[in-house]
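Reading through the structure tokens given below for one structure.
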Amino acid sequence: MSVFFFMRKWSGLFCIRALQALGKTSFLDQAKSLRRESNSKGASARRLQRGKRLSALLNRAMETVFFRHRLEQAGVAFGTSARGEATGEDQALEFFSKLTPIGKQEIRSRFPEGVLTKDTQDGRTYRSTSGTSGERLTVVTNFSRREAGRASALHVLEVATRRSLGASITDIPPNVCNSVCGLDGPPETSVLRHIRRGLRNGSWRSEMFRSDLNGLFERRLMFKQDILPPLDARSASDLSKQMEETWGLLEAGRPYLLRAFPQYLLWLSEYKTQRSVGSHYLKYVMPYGGLACDSLLSRVRSALGVETRNMYGTSELGSVAVSCDNHRAMHIIESFFEVEIFRDGKVVQDGQIGEVVITDLTNTAMPLIRYKVGDIGRILQDACACGRNTKRLEILGRVQETLVRSGHWVTASEIGNIAYSDRGVSNFRLDQISTNHFELQIVPSFFGVSPDVDSIRSRMEDLLSVGGTEPTKITPRILPFVQPEPNGKYLTCRLRPSAWVQ
Ligand SMILES: [Zn+2]
């Protein structure tokens, strides 16, 4: 490890400690509290924090027209106090439990006037997300929300890898510019250069400058983070070339943790097996989004010789949950998020599958209360071997990938498990043609292993026929690549909207 790396790492850590001492940042303390609250004795502290934060959040949400409208629709007589506020924690909880979950579309249609609280000069920044089908939501955060986001990002790393500040991480997002740099080209990598440029061209007062500085602060000072370009699998020979370059960059960065889109991790695993290239520096691998299925993760583990950690987060919420071992189920950061599972408009019991609904307890600039994230999952409450006793969340797929047959839900995770348990499958997608007819596009391994197409087809037909009145027919097709969605991600299934969970 070079002297330069040590200097950069320690000067970064020194900067952060200095900022904390000056009272300019508090996320280190918040991360410490999260650690305390997540252990076996932290249950009452977590409950206390949630009660306080929820009450404060609802009080602020009262400032928005949209939230008052939702209360009205729920038949809640707000205004019971003289100023029309939800004052106590009990009352806040009662209001909360009556609210109907809302989706991205509803929030977007009321943005910005309907959904933003009063700006008290609290350092707001705007950020656009990229949905699976390309539909965007702009989320507004204030300084305290961003501090909470940093604390939860740190906590996630600590739980997953036992390291936090200064950890060396490489990211390969599906669409680098959507994730980290907006639409203005590759991200700046030097904090000083960014500040110098801002001062020179006068952009230092702009929202964009502040938002980029925040990103840089996290990427270069909190962590030693490298971001590599996405992989494009339109031809095997081209992918092989890209993989060689990516592997070279990994060698140069020597990350302890690699975070990437699940399919990229699988392709890199295939590449490593094929080329027998070493990666002893790499200890942990984390797929984005918590959506990777067990069979894909197990292939990655055995090929790369790493442990996998699952993380769940979205660009509008930040890090929500993380796994402490190779399991898929992830500890929820309960002090910051209320995570509920809904089915047919009601909260289901733990263990049952439903739609994931999240309340961000820390965003008072743009309250996201009972927000339908668009994913399917379940909550596990059994004790975890690590000693943390928070609820754990398992993500099983996206809403638009979940097939409903006479009340029976078939999740993307079940379908993925069948496909990726075959080592000859590099990528696939199941497209619904009519109610009982599907086309299965299979991309065979880029490195020469042939998939057992008949076996995959018949196992999938069995899975999809459950709950249906007629047997399901699947027509397989071998293709050189599957077309990614507009945001660079891949879907497991492309269902007709009438077949989704409603
Ligand atoms: Zn655990």
Need pairs with beta-carbon distance below 7 Å; first residue touching a residue at least 12 places away in the same chain (Cβ under 8 Å) and of a type in the set (S, T, Y) and within the range 419-445, second part of a loop (DSSP other than H, G, I, E, B) and open to solvent by less than 20 Å² (accessible area, probe 1.4 Å); sequence gap 6+ or separate chains. Y420/C293; S426/S445; S445/G424
Is it true that some residue in the range 476-491 is open to solvent by less than 30 Å² (accessible area, probe 1.4 Å) and at pLDDT 95 or above? no
Of the residues in the range 356-375, those that are closer than 20 Å to A31 by Cα and open to solvent by 10 Å² or more (accessible area, probe 1.4 Å) number 2
Please list, ordered by residue number, the strands (runs of 3 or more DSSP E) wholly in the range 217-287 having 3 or more residues that are hydrophobic (A, V, I, L, M, F, W, C). 257-260
Condition first: surrounded by 13 or more Cβ atoms within 10 Å (Cβ to Cβ) and of a type outside the set (F, W, Y). Now tell me which residues in the range 23-35 satisfy that. T25, S26, L28, Q30, A31, K32, S33, L34, R35
Is it fair to say S152 is outside any strand (DSSP E or B) and in contact with a strand residue (DSSP E or B) (Cβ under 6 Å, 6 or more places away or on another chain)? yes
Quick one: which of L464, L393 is within 16 Å of the ligand (Cβ to nearest atom) and open to solvent by less than 10 Å² (accessible area, probe 1.4 Å)? L393
Any hit, the range 398-418, residues being within 16 Å of the ligand (Cβ to nearest atom) and either modelled with pLDDT of 95 or more or of a type in the set (K, R) (or both): no
Which of (1) within 16 Å of the ligand (Cβ to nearest atom); (2) part of a loop (DSSP other than H, G, I, E, B); (3) crowded, with 17+ Cβ neighbours inside 10 Å; (4) not charged (D, E, K, R) does C386 not meet, given it meets every other one? (3)
Taking the condition part of a loop (DSSP other than H, G, I, E, B) and touching a strand residue (DSSP E or B) at 6+ places or on another chain (Cβ under 8 Å), does I369 pass? yes
Take the residues of the range 296-314 that are in a strand (DSSP E or B) and open to solvent by 10 Å² or more (accessible area, probe 1.4 Å): which is farthest from the ligand (Cβ to nearest atom)? T314
Is it fair to say F428 is of a type outside the set (V, I, T) and under 21 Å from S298 (Cα atoms)? yes
Within the range 489-502, is there a residue that is more than 30 Å from G345 (Cα to Cα) and either in the same structural domain as L296 (by TED's automatic domain parsing) or in contact (Cβ under 8 Å) with a residue 24 or more places away in the chain (or both)? no
Restricting attention to the range 315-338, the residues that are surrounded by 20 or more Cβ atoms within 10 Å (Cβ to Cβ) and in contact with a strand residue (DSSP E or B) (Cβ under 7 Å, 6 or more places away or on another chain) number exactly 15
Quick one: would you say R343 is open to solvent by 10 Å² or more (accessible area, probe 1.4 Å), under 17 Å from the mean Cα position of the chain (by Cα), of a type outside the set (S, T, Y) and more than 21 Å from G51 (Cβ to Cβ)? no
Looking at V453, V443, V449 in this structure, which one is over 30 Å from the mean Cα position of the chain (by Cα) and crowded, with 17+ Cβ neighbours inside 10 Å? V453
Residue check: is T100 assigned to a loop (DSSP other than H, G, I, E, B), free of Cβ contacts under 8 Å to residues at least 24 places away in the same chain and not assigned by TED's automatic domain parsing to the domain that holds E485? no
Does Y264 count as under 30 Å from R127 (Cβ atoms) and open to solvent by 10 Å² or more (accessible area, probe 1.4 Å)? no
Unique match (being more than 16 Å from the ligand (Cβ to nearest atom) and in the same structural domain as L54 (by TED's automatic domain parsing)) among V357, V322: V357
The residue that is farthest from the ligand (Cβ to nearest atom), considering only those in the range 325-342 that are at pLDDT 95 or above and over 20 Å from N363 (Cβ atoms), is F342
Could you please let me know if R378 is modelled with pLDDT of 95 or more and either touching a Phe, Trp or Tyr at 6+ places or on another chain (Cβ under 8 Å) or outside the structural domain of V347 (by TED's automatic domain parsing) (or both)? no
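The values are calculated or read from the model by the stated rules, or taken from the named source; none is laboratory data. All figures in this text were calculated on a predicted structure; none of them were measured in a lab. Note that each Cβ is placed from the backbone with ideal geometry, even for glycine, and that neighbours are counted across all protein chains shown. Remember, those area values only see protein heavy atoms, side chains included, never the ligands or the DNA or RNA. Shrake-Rupley method; radii C 1.70, N 1.55, O 1.52, S 1.80 Å.
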